[in-house]
Structure formats: structure tokens, C-alpha cells
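K.L.:
One structure, pasted below without further comment.
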Amino acid sequence: MALDLHIEKVLADFELDVTLRISEGPLAVLGASGAGKSMLLRCIAGLEKPDRGRIVLNDRILFDSEKRIVVPARERRVGMLFQNYALFPHRTVRENLAFGIDGEASAARDQKVAALVDRLHLGGLESRYPRKLSGGEQQRVALARALAPEPEALLLDEPLAALDTHLRSQVELELQNTFAEYRRPTLLVTHNMEEAYRLGEQLLVLARGKVAAFGAKEEIFRRPPTAEVARLTGCKNISRVRMNPGGSIDALDWGCRVNVAQAIAKPPRYIGIRAHHIDFVGGTDGSAGTENVFPCRLSQSAETPFRVTLFLTLDSRKDSANEELLQAEVFKEKWQHFQHAPFPWHIRLAPELLFLMPE
């Protein structure tokens with residue numbers, strides 16, 4: 001099964017322009033607020049009409065601007081889970097689920113509803129109205145309703161955004177189980193990079209309506225193609241670069257010269273390293289001969305319950321004006337081992353963990 005898209009639609013601030021092929025399994029759609037993520041889903045579902053393009057689901061044409069084909073939303077066989085769930089408040093759980101199953105005998109419909117109740121762990125809630133359900137229960141009902149008509153594609157718009165931390169982890173597990181069984185084209189919109197990584201098998205990064213990156217999530221996180229994609233995938237350390245004749249690279253904003261393991265296909269404009277990849281190494285003189293090891297000092301820190309973000313200035317900097325602080329993230333257990341050590345500390349920017357970006 002596959003979903004082929006070519007969508008062009010002029011929006012208020014930019015043009016949505018997406019061309020790609022989505023196969024079975026979940027595709028996480030990541031991007032900043034207002035990047036066009038939800039509009040992409042709405043165009044696929046038939047709730048919005050593209051200006052130009054073509055949408056084909058399993059060889060069925062849902063939209064073709066040249067042939068003037070526009071299949072109504074109710075006939076597309078596309079299930080959609082809205083961010084606010086959009087359950088019918090005057091219908092019970094059972095009635096909400098049955099609403100999406102049209103044209104079947106009562107016995108067959110009841111059998112499908114019962115199977116969904118069992119699959120999404122909704123037993124005992126069938127007679128309740130949405131207002132009597134918790135946020136997690138509403139989310140599971142909405143997901144069950146989206147799956148009820150056995151859609152050929154599934155669209156989820158920020159399905160975890162309205163949940164607290166505890167419920168989010170529970171519902172995320174339900175989604176993972178659903179995706180394991182539902183092997184059809186699935187798009188999951190989020191602006192949370194960790195959520196995108198955990199739930200998606202592949203990743204689509206949208207930036208102002210354009211495809212900034214598309215492919216295997218591991219590769220995009222390991223080697224972002226652009227500085228914008230690096231930022232959207234959570235990279236906090238990005239510097240302008242200058243190439244040196246011997247192959248080393250000056251990270252201009254960090255104030256250091258580094259070697260990289262990545263092959264240089266074309267002249268880079270930026271270099272990056274993820275905060276959790278910065279390693280703290282012991283000693284002063286003993287560290288001096290290690291590749292890409294630099295003395296540094298702590299500028300400030302910020303704590304979460306389990307991690308500490310450290311903002312660092314390298315001693316190699318000649319001036320402090322408009323300096324770009326390196327951000328390192330460590331677990332608190334490691335932080336306790338060196339937080340009282342005298343300056344300078346030493347950090348290592350491993351050549352194999354640095355990545356280059358042409359733009």
C-alpha cells in the first residue's frame with residue numbers, strides 16, 4: 001500500500017509544496033508551528049482542497065487538479081485523529097465508534113465496535129459520554145473511531161499534545177501497538193522531536209511548507225542535511241565554518257579548530273554537534289594530546305529533574321563579544337562527579353559525532 005502526494009497550496013505566508021511517496025508504516029511529520037503540517041493532513045483527508053497537484057492512495061485517485069477529480073472526504077477511506085479529538089458530545093462511546101461504520105448490518109457493526117473496544121482497552125466505557133472520560137480515554141476513543149471504517153491511510157494531528165506527561169506515555173504505547181498492527185500509510189504530525197523519533201519509522205521535516213528532509217529517521221538525526229533541519233531536530237550547537245588547507249575546520253562561533261570524520265563532498269557552511277554528544281574528559285595535561293579536546297569554563301547551567309544543561313565557553317576564544325556558548329547535556333549522576341572540579345574543564349568533540357552542513 002502506498003500514498004503518493006503532490007500538493008501545492010498557497011497559504012497566507014508561504015506556499016505548501018510537498019511531493020513524496022509514503023509506504024506502509026508510520027511517518028512522523030516534524031516542523032515548527034505554522035510550517036504547514038496540519039494543512040498537509042487536511043489536504044490528504046479532503047477537508048482542504050489543494051490549488052494544484054495529485055493525491056493517489058493505493059492506485060485510487062483522490063485528487064487531480066488537471067483531471068478535475070476531487071473525491072469527497074467521506075469517500076476517501078482516510079481515518080483522521082484530530083488534536084482536540086472532535087468526539088460527538090451527545091453520543092456515547094459505542095455510538096461514536098459506530099458512527100464511522102456505514103452501510104453494514106447491525107450485527108456486523110456491533111461486532112466491529114466490540115473488537116475496537118477490546119483492541120483499545122475501552123471495556124466498561126461503552127455507555128459513557130465524552131465529558132465523563134479522561135483525556136487518555138478520549139484519545140483512545142478518537143483513535144478507535146478513526147480506525148473503525150478500516151481506512152486505507154491514517155492521519156494523526158498532534159495526538160499527544162493535550163495530554164499530561166503520565167497519560168502521554170500511556171497513549172504513546174497504545175499508538176506504538178496500533179502502528180505495529182496497522183501496516184498502512186500513516187502520517188503523524190508533531191512539533192516534538194523526541195515524539196517524532198519514538199513513533200515514526202521514517203521522518204518528514206517541513207519548513208515553511210517545503211520538504212526540508214525526508215527519509216530514515218536515524219540518518220536525518222545523525223546527519224541533518226541543513227542547519228535548519230538540525231535546529232528542528234533539536235541540535236543546539238551549530239557554528240559557521242572555515243575550511244583549512246590541511247582538512248581541518250575552524251568552527252568560527254565556537255572559537256576552535258576541529259577535525260571531522262565525515263567525508264567532505266562539497267564546501268560546508270556549518271558544523272554541528274548534539275549537546276548529549278559532548279564528552280567531559282578528565283585531567284588537564286593528560287587530555288591535551290587527544291584529538292578535538294578543548295579546555296573550557298562554565299558560564300551557566302539549567303537543570304531538569306534528571307539532566308543538566310551546561311553552557312560552556314572555550315578557553316581558546318580570543319574575545320567574549322557575541323560569543324556562541326556550547327551546550328552540553330549530562331545526566332545528574334555524571335554531573336555530580338565533576339561539578340566542583342576546578343576550571344578549566346576539558347571537553348571532547350568527537351570527530352565521528354561532528355556533522356557538516358552545506359547550507
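K.L.:
Based only on other Cβ atoms within 10 Å, what is the fewest-to-most ordering of Phe280, Phe311?
P.N.:
The most exposed by this proxy come first: Phe311, Phe280.
K.L.:
In deg cm²/dmol and to the nearest 500, what is the mean residue ellipticity at 222 nm of the chain if only DSSP H runs of at least 4 residues count, each as -39500 (n - 2.57), divided by the residue total?
P.N.:
Taken over the chain, the calculation gives -7000 deg cm²/dmol.
K.L.:
Gain in length, Glu218 to Ala2, computed as 0.36 nm per residue apart minus the alpha-carbon separation, to one decimal in nm?
P.N.:
Fully extending the segment from Glu218 to Ala2 adds 75.6 nm.
K.L.:
Name the residues whose placed amide hydrogens come within less than 5 Å of the amide hydrogen of Ser299, ignoring near sequence neighbours (fewer than 5 apart) on the same chain.
P.N.:
The answer is Phe311, Leu312, Thr313.
K.L.:
While we're looking at this one, here's another question. Would you be so kind as to identify which of Phe63, Val113, Ser33 lies farthest towards the positive end of the dipole of segment 1-125, taking Lys and Arg as +1 and Asp and Glu as -1 on Cβ and the Cα centre as origin?
P.N.:
Val113
K.L.:
Hey, another quick one. Just how far, in whole angstrom, is segment 202-278 from segment 120-197 if you go by their alpha carbon centroids?
P.N.:
Going from one Cα centre to the other spans 33 Å.
K.L.:
I want the local charge near Arg198. Using Cβ-Cβ distances under 10 Å, sum +1 for each Lys or Arg and -1 for each Asp or Glu among the other residues.
P.N.:
Once all neighbours under 10 Å are counted, the net charge is -2.
K.L.:
Could you pull out every residue, at least 5 positions away or on a different chain, whose amide H is within less than 5 Å of the one on Leu11? Hs are placed 1.01 Å off N in the peptide plane, and Pro or chain starts have none.
P.N.:
It is Leu16, by chain and number.
K.L.:
By average Cβ neighbour count within 10 Å, what is the ranking of 201-212, 347-358 from highest down?
P.N.:
Packing order, densest peptide first, comes out as 201-212, 347-358.
K.L.:
Using the Cα centre of segment 190-284 as origin and beta-carbon charges of +1 (Lys, Arg) and -1 (Asp, Glu), tell me which of Thr190, Val241, Ala263 is placed farthest towards the positive end of the dipole.
P.N.:
Val241
K.L.:
Considering the values (1) 53, 20, 16; (2) 36, 22, 21; (3) 47, 25, 15, which represents semi-axes √(5λ) of the Cα gyration tensor in Å as calculated for the structure under consideration?
P.N.:
Evaluating semi-axes √(5λ) of the Cα gyration tensor in Å on these atoms matches (3).
K.L.:
For Thr190, Thr290, what ranking results if the residue with the fewest other Cβ atoms within 10 Å of its Cβ goes first?
P.N.:
Thr290, Thr190
K.L.:
Set the bar at 19 Å for Cα to Cα. Now go through Lys9/Lys210; Lys210/Lys236; Lys9/Lys217; Lys210/Lys266; Lys112/Lys132 and name every pair that lies beyond it.
P.N.:
With Cα atoms farther than 19 Å apart: Lys210/Lys236; Lys9/Lys217; Lys210/Lys266; Lys112/Lys132.
K.L.:
Please give the residues of segment 170-187, grouped as numeric ranges, whose backbone N is less than 18 Å from a label point set 7 Å along the Cα-to-Cβ vector of His276.
P.N.:
Label zone hits: 173.
K.L.:
Provide Thr186, Thr313 in ascending order of the number of other Cβ atoms located within 10 Å of each residue's Cβ, fewest first.
P.N.:
Ascending Cβ contact count within 10 Å gives the list Thr313, Thr186.
K.L.:
Then there is this: Can you compute 3J(HN,Hα) from phi for each residue in segment 79-94, using the Karplus curve 6.51 cos²θ - 1.76 cosθ + 1.60 with θ = phi - 60°, rounded to whole Hz and x for Gly and Pro?
P.N.:
Along segment 79-94, the couplings run x, 9, 10, 7, 4, 9, 6, 6, 6, 6, x, 8, 10, 6, 4, 4 Hz.
K.L.:
Another question, then. With +1 on each Lys and Arg Cβ and -1 on each Asp and Glu Cβ, how big is the dipole of segment 235-357 about its Cα centre, in debye rounded to the nearest 20?
P.N.:
Roughly 300 debye for segment 235-357.
K.L.:
Using θ = phi - 60° and the Karplus curve 6.51 cos²θ - 1.76 cosθ + 1.60, what whole-Hz ³J(HN,Hα) does each residue of segment 107-124 get, with Gly and Pro shown as x?
P.N.:
5, 5, 5, 4, 5, 5, 4, 4, 5, 5, 4, 5, 5, 9, 6, 10, x, x
K.L.:
Karplus couplings for segment 56-61 from phi (6.51 cos²θ - 1.76 cosθ + 1.60, θ = phi - 60°), rounded to Hz, Gly and Pro as x?
P.N.:
Going residue by residue, I get 10, 10, 6, 6, 9, 7 Hz, with x marking Gly and Pro.
K.L.:
Rounded to a whole number, what is D in µm²/s for segment 174-321 from Stokes-Einstein with the Kirkwood radius over alpha-carbon pairs (10 °C, 1.306 mPa s)?
P.N.:
Using the Kirkwood radius from Cα pairs, D works out to 88 µm²/s.
K.L.:
So if R0 is 30 Å, what FRET efficiency would Val70 and Ala162 give, r being the distance between their Cβ atoms, rounded to the nearest 0.05?
P.N.:
That pair, Val70 with Ala162, gives E of 0.45.
K.L.:
Can you compute the charge dipole magnitude of the chain about its Cα centre, using +1 on each Lys and Arg Cβ and -1 on each Asp and Glu Cβ, nothing else charged? Give it in debye, rounded to the nearest 20.
P.N.:
About 400 debye.
K.L.:
Still on this structure: Within 10 Å, count the other beta carbons around each residue, average over each peptide in 4-15, 141-152, 295-306, and list them highest first.
P.N.:
So the order, starting with the most tightly packed, is 141-152, 4-15, 295-306.
K.L.:
Tell me which residues come under 5 Å, amide H to amide H, from Thr186 once H is placed; ignore anything under 5 positions away on its chain.
P.N.:
Amide H neighbours of Thr186: Gly25, Leu27, Leu154.
Readers should treat all values here as calculations from the given coordinates under stated rules, not as data from a laboratory. From a predicted model like this one, the values you see are computed outputs, not experimental measurements. Note that we place each Cβ from the backbone using ideal geometry, even for glycine, and neighbour counts take in every protein chain shown.
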